[in-house]
Each structure stands twice: as C-alpha cells, then as structure tokens.
C-alpha cells in the first residue's frame, strides 16, 4: 500500500473513532471529568497593546489584520467569512492585550468575553472544538488565568475552571485520534500546559513531556524544521513551545533536556528562513507574519547563526547584508502537504532591509478561490516550462515523489546548486540552477541550465523574478540592462544573456495591506539541449 493510501486509510479510521467518542451518548463520559482546578499562569512573552483593549471595548476587533465592528454585540455572535479572523477570535490569543490592565472594568470585560464564549460554545462543537483551536484556547486561558479569576464571583470561577477542565479532557481523549499531524501536536502541547498548571500535585508532567517529545520527533526534522516546511506554522508552534519550555525549566529530567534541545533547533530553523528584512520567506503557505510576535519569539531562542547552510530542503546563502533563501521543491510528506507550494528552484533575495526578489505569497484566507493559483510555480521567482509546475497540483495536494532535488552548497564561497527532475517525464529535460553571492553580497550571479533527460526535449522556458514591493524597474531603450530602484533609493542593475526579457505585473500578498501591486521580470527561451540562461543582479556603487 502506498504512503498516500496508508495515510488516507489511517486518517479515515481515526476520524471515525473521533466521531464516535464525540457522539452525545459517549461525550458525557469524558465531559463529566472536567472538575479540575488550575492555577498559573503560563509565561506569555508576546507583546501587548493597550490600544487594542480600548478598541475591543468599543466593539472594534482587529484580529488577523482584519477589522470587524460588532456594533456592541458579542464577537462570538457575528458570522464572518474570514477564517483567519475567526480562528484568532476562537483561539483567544488576544487575551494577552489585557494582561497589564489594572482597571477593573477592562479586566471584567476580558472575563465577560470568556464567559460569553462558554455560554455560546461551551458544549462540544466540531468547528469550535478542533484540537488545534482547543489547545490554543486552553494555553491562552492558562496564560491569563489570574486575570480571568481576579474579581470573579465564586460561580464564575467555577464555570471557567469547569469548562477549562472539560477542554483539557477533550484533548486527552481526542489527541490520539487526530486525523491531521499538526492537530496531534497542538493537543500534546495543550496537555503539557494543563499538567504544568494543575492546582493538585501533578505526577503527569514527565509523561506529558515524553509524549510531546515523541510527537515532535515524528513531525520535526533533524534540522529543527517542521515537516510542513511552512515558516508561519513554525512560528505558531514556537509561540506555545517557547512558553512551555520556560514553564518547565524547573524539571531537570532527561525528557526536559530533550525538549529544550528540540525547541532550540526549531528556533534556529526559523531564524535561518528569516530574511534580512525581518520577514520569513513566503514559501509553502507562509505569508506575512506579525512582526512583533516574530521578534518576541526569536528573542527567546539561542543566538541566531547567520551563515550559509542547507536546512529542511532549503538552501540559504548569507554574505554581507544579503540573504538568499532557495526552495529545493522538497514535497512535505503525506499529512503535512496541505499548504505546500510548487516552489522548486524558487528563491527570495533581500539586501539589508529591502526585499529585492520574492514570491507572491499565499492567497488571503478570504479568497479561497485563488488558493490554487498562488500555490503554483509561476507565483515564485523560479523557472517553469510552459507555465507548468515541477510538482503538479492534483486537487489540494501535489503529485510526484516526496523526495526533492539534490542540493549542494559551498559555504565558504556562498555557492548553491540545485536541480529538479520534475519536468523530465513531460518535457524530456531537467533544470539546474546555480546561485552565487559575491562581492560581500552586493552581487548575485545565477545560471539556469537545461539538461536533456529524454529523446524529444520540448517546451518554452520562463524564468520569473518577482520584484519586491516598491522596487521600480527601468529599462533604457535599446539596452540589455534593467535598473532597479529600491525604496531606500539604492539602485541595482539586472543583466542577462541566453533569453529575451519582458516585464509584467505581479503582486505580493500582505496580511496588513492586502495585495501590493508589483512588477516581475520574465526571461524566456525555447527549450533546447544544454541551453543556458545566465543573469546577474549587482548593486551600483
């Protein structure tokens, strides 16, 4: 049985088991076990904003970069077709903004929202009680439990504690039945958080650490990167993992040492995929992330290692003020590839605080009809043949082998070589890409070469370079050069040979501002044996 079929069968069987334990006739057997008191709080290092508190109290909820005005009604009663906003609301990460409030009215408002959620959603519902949402909600309530209970009546305290216990019991019963790997991971994190905050003497902490270590071992590679290869998910995981690590530091066991080491490796992987602009690369479902949260997470990890390296199917070149991150096209394993992008040989290039070349990013969550388009190779700074992907999209998943192309790197010379065979069966060729940073990072040299892998090579090669927001291209009449003016006023030259060039429109998705209208440079040539296209970006002095 193939890996894909095995995963599908396992997912179906777990889904069936989960549906059984959540049936009303069986649900009471675990919902009634929620009479547990918790104390705390778990550490929360994310920044808070008092202005957000004032806005929420005025009925304006800015969550996931979308502003929703409720007109004074409960946000939990609003029907909003924006999944990111809804998930943010249901996960209660916004509670952190209330943690420094000293005004009794503001603290009461936070407690009122929690009690309102319990009144509306306190009974199991498959949408609002997903394992990921439940775990995030549990951890966020535990982070701010003192805030929620301070000033509450005995009945309110009992209601919050009882519902919190029920949610924890839900994670305990359903965590092993998760049909998605990331749901299993969040459930394990939620259970460790609950064990750390149990008011009773708790002997489960070591067991929960061991369980979480086991899940992390299955879902995080040796480089510390989650198998989804999605920097945004990596950040979301580290928000909770770093908090749990700080709370568990007093437990000096072998399991704790293993856990701390894994979290450190995950920090290093996220740092490696962060450009000099301060943004992670837009690959495999990652778009713009909250910069303040990213900075706070990175501040709680080991010192960043700023060097050229290979990590998790990505190649990273760092020299001077420049950073280049290249996606090999490695396909995440089954169960981890729901957000994967066809970015084989695609790269992003930043110098200092300016993004020179990037990707379009994922489609916004409220534009699901555009999701497949933004996952294609044409949305990346990558070569394609006949505008097709090296790893074709079939439905919501990608076909083709799970192994990506081989990469080799010369860290001393900041040279990276990659090759994809994803076009061999359809077009009879493979594509090699070589990238080199020279002159202290002020010059990026690229070579894209067609290698015959069949009897009849065919197709039209296009090599796209999606310019960063605010980068203005200008091509002097009759010259084979394009000058790029960056937002900081610096000028870079782009030269090429072996292809014709055209300019076209492009976009880069911003979680805060929507789509940035940008430009792209496209080099084009017909496929032929050993054809090579050379190009160079160099900073004018």
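The values are calculated or read from the model by the stated rules, or taken from the named source; none is laboratory data. Because the structure is a prediction, the values reported are computed rather than measured. Quick reminder, even Gly has a Cβ in these numbers, built from the backbone with ideal geometry, and neighbours come from all protein chains shown.
Give the residue that is farthest from residue 291 (Cα to Cα), with candidates limited to residues of region 52-83 that are assigned to a strand (DSSP E or B) and in contact (Cβ under 8 Å) with a residue 12 or more places away in the chain.
Out of the qualifying residues, it is 68.
Looking only at region 184-218, how many residues end up being surrounded by fewer than 22 Cβ atoms within 10 Å (Cβ to Cβ) and either in the same structural domain as residue 129 (by TED's automatic domain parsing) or not in a helix (DSSP H, G or I) (or both)?
7
Test each condition in (1) out of contact with any strand residue (DSSP E or B) (no Cβ under 7 Å at 6 or more places or on another chain); (2) closer than 22 Å to residue 468 by Cβ for residue 360 and report the one that comes out false.
Evaluating residue 360 over (1) out of contact with any strand residue (DSSP E or B) (no Cβ under 7 Å at 6 or more places or on another chain); (2) closer than 22 Å to residue 468 by Cβ leaves (1) as the failure.
Can you tell me which residue among 164, 142, 131, 147 is touching a strand residue (DSSP E or B) at 6+ places or on another chain (Cβ under 7 Å), under 25 Å from residue 290 (Cα atoms), buried (at least 20 other Cβ atoms within 10 Å of the Cβ) and touching a residue at least 40 places away in the same chain (Cβ under 8 Å)? Give the derivation first.
Working: 164 fails: under 25 Å from residue 290 (Cα atoms); 131 fails: touching a strand residue (DSSP E or B) at 6+ places or on another chain (Cβ under 7 Å); 147 fails: touching a strand residue (DSSP E or B) at 6+ places or on another chain (Cβ under 7 Å).
Within the list 164, 142, 131, 147, the selection yields 142.
Scanning region 224-240 for residues that are part of a helix (DSSP H, G or I), touching a residue at least 12 places away in the same chain (Cβ under 8 Å) and out of contact with any strand residue (DSSP E or B) (no Cβ under 9 Å at 6 or more places or on another chain), which turns out farthest from residue 143 (Cα to Cα)?
238
In this structure, is residue 243 part of a helix (DSSP H, G or I), outside the structural domain of residue 339 (by TED's automatic domain parsing) and buried (at least 24 other Cβ atoms within 10 Å of the Cβ)?
Working: part of a helix (DSSP H, G or I): yes; outside the structural domain of residue 339 (by TED's automatic domain parsing): yes; buried (at least 24 other Cβ atoms within 10 Å of the Cβ): yes.
Yes, satisfied.
Any residue at all in region 109-120 that is crowded, with 22+ Cβ neighbours inside 10 Å, closer than 30 Å to residue 335 by Cβ, in contact with a helix residue (DSSP H, G or I) (Cβ under 9 Å, 6 or more places away or on another chain) and at pLDDT 90 or above?
No, there is no match, as no residue in region 109-120 is crowded, with 22+ Cβ neighbours inside 10 Å, closer than 30 Å to residue 335 by Cβ, in contact with a helix residue (DSSP H, G or I) (Cβ under 9 Å, 6 or more places away or on another chain) and at pLDDT 90 or above.
Pick out the one residue from 287, 301, 343 that is assigned by TED's automatic domain parsing to the domain that holds residue 436, in a loop (DSSP other than H, G, I, E, B) and in contact (Cβ under 8 Å) with a residue 12 or more places away in the chain.
Answer to the check: 343.
Among the numbered conditions (1) more than 25 Å from the chain's Cα centre (by Cα); (2) part of a helix (DSSP H, G or I); (3) outside the structural domain of residue 93 (by TED's automatic domain parsing), tell me where residue 159 comes up short.
(3)
Being in contact with a helix residue (DSSP H, G or I) (Cβ under 9 Å, 6 or more places away or on another chain) and within 19 Å of residue 281 (Cβ to Cβ): is that true of residue 241 here?
No; evaluated as a whole, the condition is false for this residue.
How about region 36-77: which of its residues are over 27 Å from the mean Cα position of the chain (by Cα), buried (at least 16 other Cβ atoms within 10 Å of the Cβ) and modelled with pLDDT under 90?
Listed by number, the residues that qualify are 36, 40.
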